[in-house]
């Protein structure tokens, strides 16, 4: 019996077995995944939404249904409005900064012929580090008198800035530290996208007159990098909205709520003041905003993305 006949016979056996397989078997294969999804995502989400319509406080067994009172209280709260505005403003700073720097780093790393793996590792190290532990280092670096930043300012003849306690700078400082940690992750994603662009496209672009690297970037690299760029943009927005540890460790929302963001407000309501109903309402609003932004980005930018 030849190898071809053996392969054909095995294929016929698999096809016959597939025909005999009951229709209910395929959904059963997916049952474990659906069970995990229901237990660890859908059920907690439903419970959170349900709790947001109650006045439940942590440590109390009794609670009552209050309808949309928690949401009305949040909309009328100056503190919640401040945290919401700070979160949106922080995203307007972090998202473009992280996107642009990670793309520039990816282009620079791909362009080098030697040491590419080394530079990928260097920029990816902050992603693997514990930001709570690294916050101690940042706290020292940004110390207004003893820190490296203060000494650098003094060497330039400038007055040192209290980066973590100045209302005009603290939000940007928090955003910079968060970007520092995650830029390496976005850079690796861009490198993967750049590595999948066929070199023949660049050769064709040169023949068509794209002689400079800038021309080749706009004619080849940027259009072919569309799917990766869209994915990085969505992930960047999600990660920047999920920022919490930097604020919790370094600023506690201060000074005077200048760095108060929505997840820190949620933490305080739930685990400092024990108002779980209000915290659940904040979590529900947060989920709705994230879902809307993700779907809006996909709908808005997908028409500019070219899948090959």
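The values are calculated or read from the model by the stated rules, or taken from the named source; none is laboratory data. This is a predicted model, so every value here is computed, not measured. Note that we place each Cβ from the backbone using ideal geometry, even for glycine, and neighbour counts take in every protein chain shown.
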Within the range 53-78, restricting to residues that are in contact with a strand residue (DSSP E or B) (Cβ under 9 Å, 6 or more places away or on another chain) and either more than 14 Å from residue 280 (Cβ to Cβ) or touching a residue at least 24 places away in the same chain (Cβ under 8 Å) (or both), the one that is surrounded by the most Cβ atoms within 10 Å (Cβ to Cβ) is 70
Please verify whether residue 237 is buried (at least 17 other Cβ atoms within 10 Å of the Cβ), touching a residue at least 60 places away in the same chain (Cβ under 8 Å) and within 14 Å of residue 90 (Cβ to Cβ), treating the condition exactly as stated.
yes
When you go through (1) over 30 Å from residue 112 (Cβ atoms); (2) buried (at least 16 other Cβ atoms within 10 Å of the Cβ) one by one for residue 226, which number turns out not to apply?
(1)
State whether one or more residues within the range 92-99 are touching a helix residue (DSSP H, G or I) at 6+ places or on another chain (Cβ under 6 Å), at pLDDT 90 or above, surrounded by 11 or more Cβ atoms within 10 Å (Cβ to Cβ) and farther than 30 Å from residue 218 by Cβ.
no
Need at least 1 residues that are over 30 Å from the mean Cα position of the chain (by Cα) and buried (at least 17 other Cβ atoms within 10 Å of the Cβ) per element, so show me which helices (runs of 4 or more DSSP H) inside the range 159-222 make the cut, counting only ones lying wholly within it.
199-207
Single match in 121, 48, 87 (criterion: part of a helix (DSSP H, G or I), modelled with pLDDT under 90 and surrounded by 11 or more Cβ atoms within 10 Å (Cβ to Cβ))
121
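Conditions tested, residue by residue: (1) out of contact with any helix residue (DSSP H, G or I) (no Cβ under 6 Å at 6 or more places or on another chain); (2) in a helix (DSSP H, G or I); (3) at pLDDT 90 or above; (4) surrounded by 22 or more Cβ atoms within 10 Å (Cβ to Cβ).
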position	(1), (2), (3), (4)
254	yes, no, no, no
258	no, no, yes, no
265	no, yes, yes, yes
285	yes, yes, yes, no
297	no, yes, no, no
300	yes, yes, no, no
306	no, no, no, no
